[in-house]
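The values are calculated or read from the model by the stated rules, or taken from the named source; none is laboratory data. For clarity, every value in this text was computed on a predicted model and none was experimentally measured. Please note: Cβ atoms are built from the backbone with ideal geometry, for glycine as well, and neighbour counts cover all protein chains shown.
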Amino acid sequence: MRLNPLSSRLLKLVFVLALLATNFSQAAAAPQSAASSIGQSYGGGIIFWIDSSGQHGLIADKSDTSYRMIKWGDAYYLNTGATGTAIGTGAANTKKIIAVQGTKYSYAALVCANYRGGGYADWFLPSKDELYQLYKQKSAGVVTGFTWGAYWSSSEFYVASFPQRQAYAWTKIFYNETAFYSLKDRVDGVRCVRSF
């Protein structure tokens, strides 16, 4: 049976569309080139932590910020409510700190929020536990370029029994296992992170 020219073209069009649809569905089902391992350059920095699903994690900037040593905040007695310490709380802490302290002067959380490394605008000051994971990868040689000293976390530590009911922030010394809380008006290092 011979097809007329219009039927022949229509059949070819249906075949091409079916072929395109098959290729499109295969491409959509194929995983994208994504972050897959600790130490991989990705998303403007170096992956230093991946969750158990393997789909989400944390990226550290490749170097300290241009503000190598900076205050956590000016008013050490000011309580910002940024008390999250777990992995996944650093970004929320950073937003809380900025909401209370404003943008009139530079301090650790604001420096990270304003950072645009790798073209990304979602950097934040890591929480206490995020900072500890970063320290572990520094010790393993995965993330480098740290100064010999302490780094700020975004995690606040409020001590109601201390004079003036002072609010402190957690810091991590990067040459040993020590983490401690410190007055927020001292200067420490800052390494911004982001999540994926």
Practice task
Considering only the stretch 109-142, state which residues are hydrophobic (A, V, I, L, M, F, W, C), at pLDDT 95 or above and not in a helix (DSSP H, G or I).
Solution key: 121, 123, 124, 125
Completion exercise
With the first residue restricted to the stretch 89-104 and required to be within 16 Å of residue 115 (Cα to Cα) and assigned by TED's automatic domain parsing to the domain that holds residue 156, and the second required to be surrounded by fewer than 20 Cβ atoms within 10 Å (Cβ to Cβ) and of a type outside the set (Val, Ile, Thr), Cβ contacts under 7 Å at 6 or more apart or on different chains are 91/195; 94/113; 98/113
Exercise for the section: Considering every residue within the stretch 126-148, establish whether at least one is in contact with a Gly (Cβ under 9 Å, 6 or more places away or on another chain), over 18 Å from residue 187 (Cβ atoms) and hydroxyl-bearing (Ser, Thr, Tyr). Expected result: yes
Problem - Filter result (surrounded by 21 or more Cβ atoms within 10 Å (Cβ to Cβ) and touching a residue at least 60 places away in the same chain (Cβ under 8 Å)) within the stretch 134-153 - result: 134, 143, 152, 153
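Given the options 85, 94, 22, name the one that is at pLDDT below 95, β-branched (Val, Ile, Thr) and either in a loop (DSSP other than H, G, I, E, B) or farther than 20 Å from residue 146 by Cα (or both). If you could, list the steps in order and put the result at the bottom.
On the way: 85 fails: at pLDDT below 95; 94 fails: at pLDDT below 95.
After applying the criteria, what remains is 22.
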Exercise for the section: Working only within the stretch 163-181, note down all residues that are in a helix (DSSP H, G or I) and at pLDDT 85 or above. Expected result: none
Handout entry: residue 131 buried (at least 22 other Cβ atoms within 10 Å of the Cβ) and in contact with a Pro (Cβ under 8 Å, 6 or more places away or on another chain)
Key = no
